[in-house]
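The values are calculated or read from the model by the stated rules, or taken from the named source; none is laboratory data. Remember, it's a predicted structure, so these values are computed and weren't measured experimentally. Heads up, the Cβs are rebuilt from the backbone with ideal geometry, glycines too, and the neighbour counts pull from every protein chain shown. Accessible surface areas use protein heavy atoms only, side chains included; no ligands, DNA or RNA. Shrake-Rupley method; radii C 1.70, N 1.55, O 1.52, S 1.80 Å.
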Amino acid sequence: MQDLAPHAANFVPLSPISFLERAALVYPDRPSVIHGERRFTWRETADRCRQLASAINRQSLGKGDVVAIIAPNVPALYECHFGVPMSGATLLTLNTRLDVDTTAYILAHAQAKLLFCDPEFASLISAVQAELPEPVTVIDVADPLFTGDVNPIGVCDYETFLTLSDPEFEPIWPSDEWDTISLNYTSGTTGRPKGALYSHRATYLNAMSNMTSTGLRPLTTYLWTLPMFHCNGWCFPWTMALMAGTNVCLRRVEPKAVFDAIKTHRVDYFCAAPVVLTMLANAPMQDRFKPDWKVEVVTGGSAPPAALIAAMAELSIEVCHQYGLTETLGPSVICAWHPEWNEAPLQAQADRKSRIGVRRDGVEAAMVVDTQTMAPVPWDGQTVGELVLRGNTLMKGYLNNPQATAQAFESGWFHTGDLVVVHPDGYCQVKDRLKDIVISGGENISTVEVEGILYRHHAVLEAAVVAMPHPKWGETPCAFVTLKPQAQATAAQIIEFCRGHLAGFKVPTHIVFCELPKTSTGKIQKYVLRVQAQGVSEEAKK
């Protein structure tokens, strides 16, 4: 058979920036972005992104250059997801919760040339500038919803910067879909953060996968509770242009603000870490709103306890549990739902939803393997292995870190580092991180399983379990617990509750009441708790 080469007519490099052009063409007057009293249409957003790209280009920046932004979920951050790559440059969305040292490290490591800065972070960036080998050029991003003191530190403001554009500018299309569109740094909980490089191709496909895996409808209304800086908002900025939907920006994620936004804008979808769902489930009654239409939330990170999923159902918010990492552009495994499961009792539904499930489209293969042999584990719901992935929606690799890249892609698979079982129906369930498993008297204890039981206790708001040294068993579980406001419970009562639901060797030997330390993306810092557990163990010996 004749083998034909690609032609300009039938081969265009994939890039999610194409979604914006279509949204502006087909739905020019539909609302694109809402932020307080500010309203933009898709025509306006496309024009602003084009202006942004041109202004960046006029700074002699383009392919190979990194342009950063530090801001909460505001319109400028949304526009950067299109304007920066349309200039040919690479977008770096900075985590707003990092300290001076880590932020300076990231900017220096990425060799960022230009930085857009929201006024809330002006003092942080001023301190960061002093730590950089060469100061980065700063553009101030004004926001009328910011209520603090405004101290400009940039060479000009964002709106003025847009006027520096060329009216005749044409967006720069990637010459190769493997070109880098964005750079996202890991949380860095065990060392310096690593920079994961995303390609135009991967983000295009992942943005489409967001649509197909969640059932997003055209012209949907999406609430920004997930930080856009986190894995580029799981690629949802690009997905929303694909759907020509409406982005409702939320500067601060607070329960009342979330419920008010859902009510005011008739929100259909949002994404959130389990910690946000916990906030909503425990919000004061006067702050809540129960919609009479379908609202869905995609949650990721640690597996949400079944009790939390059930609590969200009582608020008429349907939870879709997905799993992913920075390296997988956000969610890559989903608890794909079967209609017949709706007939099961609510608790049984919640238990099933707490599983991460099966691979999303865009991920070509997901397998749970023996960590030594790479052989698949049996589908028995008991045998633990590491989850490995293969597909088109993974990072290109780590910036300037070939050793870590090679380790991540060893044996032709991406290694997640998560310990998982596969149930007989093929659905996966995370049991632990490789480094978090508790080995007591030779028995493996899943901290996720123990945490799930702790969350069932009526007084428990948050819980985390880590290994604590033990003179006889080697390790035993130590639980760190935050109680709900006005709730009361003793350590003995919680331990007794666990005895009624767990095998004896899995029951925590100690309960520590405290506020749980978290990373900048809301993940519980178990490495901090492990250090504290060492101290608890030493005290127990005395």
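Results, tabulated for the structure shown:
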item: Signed unit charges on C-beta, dipole axis of segment 413-490, positive-most listed residue T482, W413, P424; result: T482
item: Inter-label distance for D260 and K541, nm, one decimal - labels placed 7 Å from Cα along Cα-to-Cβ; result: 5.3
item: Per residue value of the accessible surface for segment 343-418 (all protein chains in place, 1.4 Å probe), Å²; result: 49
item: Protection-proxy order for peptides 69-80, 113-124, 3-14, each taking the mean of Cβ atoms within 10 Å per residue, highest first; result: 69-80, 113-124, 3-14
item: Rounded to the nearest 20 debye, dipole of the chain from Cβ charges on Lys, Arg, Asp, Glu; result: 840
item: Filtered GluC sites (Glu not before Pro), segment 496-542: DSSP coil and at most 13 other beta carbons within 10 Å; result: E515
item: Debye, to nearest 20: dipole size of segment 116-209, +1 on Lys, Arg Cβ, -1 on Asp, Glu Cβ; result: 600
item: Accessible-area composition of segment 297-366, carbon plus sulfur, in percent [1.4 Å probe]; result: 51
item: Residue-span extension gain [D370 to E170] - 0.36 nm each, minus C-alpha spacing; result: 66.9 nm
item: Most to least packed among 371-382, 394-405 [average Cβ atoms within 10 Å]; result: 394-405, 371-382
item: Of K194/K541; K431/K484; K353/K518, those spanning more than 32 Å from alpha-carbon to alpha-carbon; result: K194/K541
item: Anchor K63: lysines whose Cα lies under 18 Å away (excluding residues fewer than 8 positions away in-chain); result: K113, K396
item: Charge-dipole axis of the chain as Lys and Arg at +1 and Asp and Glu at -1 on Cβ define it, positive-most pick from V466, V363, F146; result: V466
item: Size-normalised alpha-carbon gyration radius of the chain, reference 2.2 N^0.38 Å; result: 0.99
item: Order by protection proxy (mean Cβ within 10 Å, highest first), peptides 525-535, 269-279; result: 269-279, 525-535
item: Percent RCO, i.e. relative contact order, over the chain, from Cα pairs under 8 Å lying at least 6 residues apart; result: 10
